[in-house]
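Following: one structure in structure tokens, then a few remarks.
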Amino acid sequence: MRLAICPYMLKFRQPAGTSRGVLTEKPTYLLKLWDERDPEVFGIGEAAVFPGLSPEADHRYEYKLIELLANIAIGRPTDLSRHSSIQFGLEQALRDFSSGGKGMYFPSEFTEGKSEITINGLIWMGSEEEMQQRLEEKIAAGFKCIKIKVGAIDWNKELGLVKYIRRRYSADEVTIRVDANGGFSMETVLPKLRQLEELGVHSIEQPIPAGNPDLMRFLCEVSPLPIALDEELIGVCGEEAKRYLLDYIHPAYIILKPALCGGFSGAEEWIKLAQERGIGWWVTSALESNVGLNAIAQFTGQLNPSLPQGLGTGGLFVNNFTSPLVLEGEHLRYSTENPLSYREQFKSLDWKD
């Protein structure tokens with residue numbers, strides 16, 4: 001077997017505001033896996049590294065990719081326990097290659113076009129006017145679950161957006177999720193959670209910074225609003241460590257980003273442990289290209305989730321790959337008419353093997 005890698009810079013259609021700043025581009029790496037005896041059949045994956053969020057995103061990252069490349073050539077295993085995004089990409093490439101290089105990662109009724117995934121409509125951070133306009137667009141498109149990122153503008157204005165929704169739509173008509181990305185301090189978080197609970201908000205993701213398990217445990221015990229862990233899961237490796245975190249903090253929900261929580265195998269382990277403890281979950285993408293997003297959607301589709309998922313739509317980047325995923329209102333479906341439309345684009349990339 002052989003592996004090749006290709007660095008690829010994704011460029012945002014418009015600046016994307018997060019609690020960590022404004023993004024205009026995001027690096028990623030594509031992986032190509034093939035058998036030397038038949039190089040025309042290859043599997044594609046995406047090592048969707050996220051600088052500033054992925055623990056492995058440092059100057060040694062490409063060296064780890066080169067180590068993986070060399071080890072696959074000689075049939076030697078590579079320890080990727082601390083390289084979640086590479087594990088994520090390698091699992092994709094292996095699954096794609098095993099299915100004949102047809103972009104099929106998790107065959108199911110979803111990939112047969114017989115089922116679809118309900119997703120939330122994400123309102124990116126921005127000015128008050130921008131966020132309100134984006135909200136109107138999502139509601140008009142048919143989204144019944146809205147996720148609002150907070151922490152970029154004045155809290156009263158962000159809270160005002162939630163109030164604006166509630167004046168027009170009840171909790172039965174529109175579900176509101178809030179994502180703080182760890183942006184609240186322990187001194188101010190409880191009053192904010194009470195305000196959100198009074199407005200019928202469904203849940204809040206990562207209200208305080210990750211790495212404070214004692215404070216997060218206390219917050220989950222006293223919060224009037226259900227808390228979902230997101231960044232708190234990043235870097236937690238091994239079943240024993242995962243079990244301990246869930247038992248100690250016991251959140252209402254966990255948010256699974258396969259590129260950040262150990263690939264698909266890691267996400268499956270989190271789901272198993274959460275379900276055993278009565279903890280809810282949903283899957284979220286993390287600014288992957290359409291390569292990674294396609295694989296995440298297929299992974300999610302075969303799980304038959306009951307809650308709206310946090311999957312992207314591939315429309316953020318101007319230089320994205322085409323995809324078999326189609327968005328219809330709040331439903332993401334897999335198009336069986338042209339499932340391989342994006343694959344020809346990979347042959348012209350600058351692969352390094």
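Out of the range 208-221, which residues are surrounded by fewer than 20 Cβ atoms within 10 Å (Cβ to Cβ) and farther than 15 Å from Leu233 by Cβ?
Of everything in the range 208-221, those that are surrounded by fewer than 20 Cβ atoms within 10 Å (Cβ to Cβ) and farther than 15 Å from Leu233 by Cβ turn out to be Asp214, Leu215, Phe218, Glu221.
Of all residues being of a type outside the set (A, V, I, L, M, F, W, C) and within 21 Å of Arg177 (Cβ to Cβ) in the range 222-251, which is surrounded by the most Cβ atoms within 10 Å (Cβ to Cβ)? Just the residue, please.
That would be Pro251.
Looking at the range 252-270, which of its residues are under 24 Å from Ser223 (Cβ atoms) and surrounded by 19 or more Cβ atoms within 10 Å (Cβ to Cβ)?
Tyr253, Ile254, Ile255, Leu256, Lys257, Leu260, Cys261, Trp270
Please specify each residue of the range 1-55 satisfying the condition of being surrounded by fewer than 19 Cβ atoms within 10 Å (Cβ to Cβ), within 23 Å of Gly262 (Cβ to Cβ) and of a type in the set (Gly, Ala, Ser).
The one that is surrounded by fewer than 19 Cβ atoms within 10 Å (Cβ to Cβ), within 23 Å of Gly262 (Cβ to Cβ) and of a type in the set (Gly, Ala, Ser): Gly52.
(1) over 30 Å from Val178 (Cα atoms); (2) part of a strand (DSSP E or B); (3) touching a helix residue (DSSP H, G or I) at 6+ places or on another chain (Cβ under 7 Å): which one isn't true of Lys64, the others all being true?
(2)
Check off (1) over 21 Å from the mean Cα position of the chain (by Cα); (2) surrounded by fewer than 21 Cβ atoms within 10 Å (Cβ to Cβ) for Lys144 and give me the number that stays unchecked.
Just one mismatch for Lys144, condition (1).
Looking only at residues that are among the β-branched types (Val, Ile, Thr) and part of a helix (DSSP H, G or I) in the range 158-175, which one is surrounded by the fewest Cβ atoms within 10 Å (Cβ to Cβ)?
It comes out as Val162.
Which residue out of Glu288, Glu268 is within 23 Å of Gly101 (Cα to Cα), among the charged types (D, E, K, R) and not assigned by TED's automatic domain parsing to the domain that holds Pro55? Don't jump to the end; show me each part of the working.
On the way: Glu268 fails: within 23 Å of Gly101 (Cα to Cα).
Testing whether each residue is within 23 Å of Gly101 (Cα to Cα), among the charged types (D, E, K, R) and not assigned by TED's automatic domain parsing to the domain that holds Pro55 leaves just Glu288.
In the range 197-207, what residues are touching a helix residue (DSSP H, G or I) at 6+ places or on another chain (Cβ under 7 Å) and either crowded, with 20+ Cβ neighbours inside 10 Å or in a helix (DSSP H, G or I) (or both)?
Those that are touching a helix residue (DSSP H, G or I) at 6+ places or on another chain (Cβ under 7 Å) and either crowded, with 20+ Cβ neighbours inside 10 Å or in a helix (DSSP H, G or I) (or both): Val201, Ile204, Gln206, Pro207.
Assigned to a loop (DSSP other than H, G, I, E, B) and β-branched (Val, Ile, Thr): does that describe Val178?
Considered against the rule, which asks whether it is assigned to a loop (DSSP other than H, G, I, E, B) and β-branched (Val, Ile, Thr), Val178 comes out as no.
Taking the range 95-107 as the search range and keeping residues that are among the small types (Gly, Ala, Ser) and crowded, with 17+ Cβ neighbours inside 10 Å, which one is nearest to the chain's Cα centre (by Cα)?
Across the range 95-107, the extreme among qualifying residues is Gly103.
Rundown of residues vs (1) closer than 21 Å to Ser289 by Cα; (2) touching a strand residue (DSSP E or B) at 6+ places or on another chain (Cβ under 7 Å), yes/no style:
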residue: Phe50; (1), (2): yes, no
residue: Leu53; (1), (2): yes, no
residue: Glu56; (1), (2): yes, no
residue: Gly75; (1), (2): no, no
residue: Gln87; (1), (2): yes, no
residue: Ala93; (1), (2): yes, yes
residue: Phe106; (1), (2): yes, no
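Would you check which residues across the range 58-73 are under 16 Å from Glu36 (Cβ atoms) and either in contact (Cβ under 8 Å) with a residue 24 or more places away in the chain or polar (S, T, N, Q) (or both) and list them? Quick ask: steps written out before the conclusion?
Keep residues of the range 58-73 that are under 16 Å from Glu36 (Cβ atoms), which gives 69-73.
Listed by number, the residues that qualify are Leu69, Asn71, Ile72, Ala73.
Scan the range 37-61 for residues that are in a loop (DSSP other than H, G, I, E, B), of a type outside the set (Asp, Glu) and within 21 Å of the chain's Cα centre (by Cα) and jot them down.
Listed by number, the residues that qualify are Ala48, Val49, Phe50, Pro51, Gly52, Leu53, Ser54, Pro55, Ala57.
The values are calculated or read from the model by the stated rules, or taken from the named source; none is laboratory data. These figures come from a predicted structure and were not determined experimentally. Don't worry about glycine lacking a Cβ; one is built from the backbone with ideal geometry, like all the others, and counts go over all protein chains shown.
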